[in-house]
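These notes are about the structure you will find just below.
The values are calculated or read from the model by the stated rules, or taken from the named source; none is laboratory data. From a predicted model like this one, the values you see are computed outputs, not experimental measurements. Glycine gets a Cβ as well: all are built from the backbone with ideal geometry, and neighbour counts include every protein chain shown.
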């Protein structure tokens with residue numbers, strides 16, 4: 001029994017200095033950046049530490065003598081380590097999304113699923129909407145996220161208060177027909193989406209989430225969106 005316990009004790013002893021180092025880096029960077037650091041871990045490259053803060057990955061050395069931004073590329077595989085790690089670190093539990101706060105559209109068998117966070121005055125969101133309208137066999141949850149202006153908030157409330165939310169949304173985003181209905185219904189979901197957006201660290205619109213919890217910020221090519229959704233359909 002003693003022989004079995006010794007290796008475990010050795011691992012624990014080795015882990016303590018590493019944890020202390022990561023904690024020291026975390027505190028130093030929080031003091032310098034004035035923002036909470038989510039995680040610190042060894043990157044496996046050049047002795048650098050990977051730091052996840054405000055939805056972004058930074059790199060630093062053990063003394064925090066320099067802070068590096070940008071993509072870390074594995075020279076052997078030529079893959080972006082930063083992009084792969086960012087995808088994992090920014091993932092969510094899709095089942096935790098309050099889907100009752102979203103406009104739901106189901107087409108065909110609805111097996112492919114995506115959730116989007118969009119501002120009605122966002123040009124990239126309109127481009128995305130024109131692509132998404134062409135899709136079949138999909139369920140789309142659209143969270144209204146008015147962050148650009150007061151007019152965005154007004155339009156979001158008018159869309160949410162409409163009897164047919166999906167139609168009014170598509171009429172505006174795809175066809176340019178502005179919503180004209182009332183905005184005096186219970187539109188708490190719109191403001192709740194702002195809080196949710198902050199919680200999920202959404203930096204801009206559109207932002208897409210897939211069934212596996214992974215996200216794509218920005219208006220990605222529709223081919224990439226379809227490929228991702230197809231890969232998750234069982």
Taking the residues in the range 208-227 that are part of a helix (DSSP H, G or I) and free of Cβ contacts under 8 Å to residues at least 40 places away in the same chain as candidates, determine which candidate is surrounded by the fewest Cβ atoms within 10 Å (Cβ to Cβ). 223
When you scan the range 36-55, how many residues do you find that are within 24 Å of the chain's Cα centre (by Cα) and either free of Cβ contacts under 8 Å to residues at least 24 places away in the same chain or part of a loop (DSSP other than H, G, I, E, B) (or both)? 7
Boolean, residue 148 is surrounded by 15 or more Cβ atoms within 10 Å (Cβ to Cβ) and within 18 Å of residue 105 (Cβ to Cβ): no
When you scan the range 189-206, do you find a residue that is crowded, with 16+ Cβ neighbours inside 10 Å, closer than 17 Å to residue 127 by Cα and at pLDDT 95 or above, even just one? yes
Tell me whether the range 127-142 contains one or more residues that are within 30 Å of residue 32 (Cβ to Cβ) and either touching a helix residue (DSSP H, G or I) at 6+ places or on another chain (Cβ under 6 Å) or loosely packed, with under 15 Cβ neighbours inside 10 Å (or both). no
Residues in the range 56-68: is at least one in contact (Cβ under 8 Å) with a residue 40 or more places away in the chain, in a loop (DSSP other than H, G, I, E, B) and within 24 Å of residue 202 (Cβ to Cβ)? no
Evaluate the following for residue 121: is it at pLDDT 95 or above and loosely packed, with under 13 Cβ neighbours inside 10 Å? no
